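Taking it in order: structure first as structure tokens, then the write-up.
Derivation of every value follows stated rules applied to the coordinates shown; laboratory data play no part. These numbers were taken from a predicted model, which means no experiment stands behind them. Neighbour counts run over all protein chains shown; Cβ positions are idealised from the backbone, glycine included.
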Amino acid sequence: HYPLRRQRQMCIRDREGPAQFLPATWDVMGVDVDNEGQIIDMPGTGDPKDPGDATMALARLLCTIDADQEGPRSDGTISGDQVDLMLAGHVAGEQAVLDAGGVPPHAEVRDFLAAVDTASAVHGGGQ
């Protein structure tokens, strides 16, 4: 797995683009993609402000976070909704989720999860 736990920190001013990537995370997960979503360059390329690049990188990041959280979910180290835990890992950092035993009680995390829930309801998604 990628060494994201130490890189993901709550620092709003350093985040870039629609998926709010930290530069260190983009260096690992960000890649340039074509109009079909196919990777056309190596990690650290692309543009975190480009919606296509950011969306594909965010999908890879969330899958990585979810895989990293599988063990702690299984052994009870963390508990809560799987999607909320994964998103909290993106916003607050995976270590913050582990330290809190679930979704951290930070306002930034709660606000983000509420915004995702609202957007999901508006656009017909949901859990």
Discussion item. Quick check for me: using +1 on Lys/Arg Cβ and -1 on Asp/Glu Cβ, what's the dipole size of the chain about its Cα centre, in debye to the nearest 20?
Written reply: 360
Worksheet item: Counting Lys +1, Arg +1, Asp -1, Glu -1, what net charge surrounds Ile39 among other residues with beta carbon under 13 Å of its beta carbon?
Response: -4
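Per DSSP helix of 4 or more residues, -39500 (n - 2.57); summed, then divided by the residues of the chain. What does that give at 222 nm, rounded to the nearest 500? Don't skip to the answer; put the middle values down first.
Details: 5 runs with 64 residues, N = 127.
Taken over the chain, the calculation gives -16000 deg cm²/dmol.
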Worksheet entry | Among Ala59, Ile40, Gln20 - extreme Cα towards positive end, dipole of the range 8-88, charges at beta-carbon | Gln20
Worksheet item: Membrane-span-like helices in the chain: DSSP H runs reaching 18 Å or more (Cα, own axis), mean Kyte hydropathy at least 0.5?
Response: 107-122
Response to the item:
Listed by chain and number, the residues whose amide H is under 5 Å from that of Gly30, excluding neighbours fewer than 5 places away on the same chain and using placed H, are Gly44
Item to complete: Name the long-range amide H neighbours of Glu16: under 5 Å, sequence gap of 5 or more, or other chain; modelled H, no Pro or chain starts.
Response: Phe21, Leu22
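Run the numbers for Lys49 and Val83: contour at 0.36 nm per residue of separation, minus the present Cα-Cα distance, in nm.
Numbers: separation 34, 0.36 × 34 = 12.24 nm, distance 2.39 nm.
In short, 9.8 nm is gained.
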